[in-house]
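Working notes for the structure below.
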Amino acid sequence: MLRREAEQLALARGNSCMCPISHALMREPVVAADGHFYERVEIEKWVELKGVGVKSPKTNISLAHMLIPNHALKSMIDEAVENAVRALRAFAEAPQAVENAECECDCETHKRLRP
């Protein structure tokens with residue numbers, strides 16, 4: 001449960017962590033021939049579903065089936081989730097500290113944390 005809330009917090013900080021196909025947090029981000037990032041399994045399903053001459057889901061240009069892992073983005077996502085887990089644990093241990101913290105987003109988790 002804590003991990004899921006942490007993932008929602010990570011997504012709330014920006015959509016660079018979100019797969020444009022599934023709109024979920026990427027766990028294995030790859031860059032496709034169109035230069036955009038996708039969750040590996042989602043873009044692979046897209047390519048399989050569309051078949052020969054597949055077009056990019058973001059740009060509608062021809063998409064060669066070449067996916068390159070993006071280790072930097074994966075590290076950034078993992079770090080954002082871990083930071084959110086730590087913040088949620090800190091709240092559970094000391095609610096006053098989190099109540100006094102500034103909130104940058106309007107996600108459901110932060111709404112619940114506000115006094």
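Here, each number is a calculation from the coordinates, and none is a lab measurement. For clarity, every value in this text was computed on a predicted model and none was experimentally measured. FYI the Cβ positions are ideal-geometry reconstructions off the backbone, even for glycines, and counts take in every protein chain you see.
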Gap separating the Cα centres of the range 1-47 and the range 76-93, nearest whole Å: 18 Å
Derived scalar couplings ³J(HN,Hα) [the range 68-73; Karplus, 6.51 cos²θ - 1.76 cosθ + 1.60; whole Hz; x for Gly, Pro]: 10, x, 10, 5, 5, 5
Fewest-first ordering of F91, F37 by Cβ atoms within 10 Å yields F91, F37
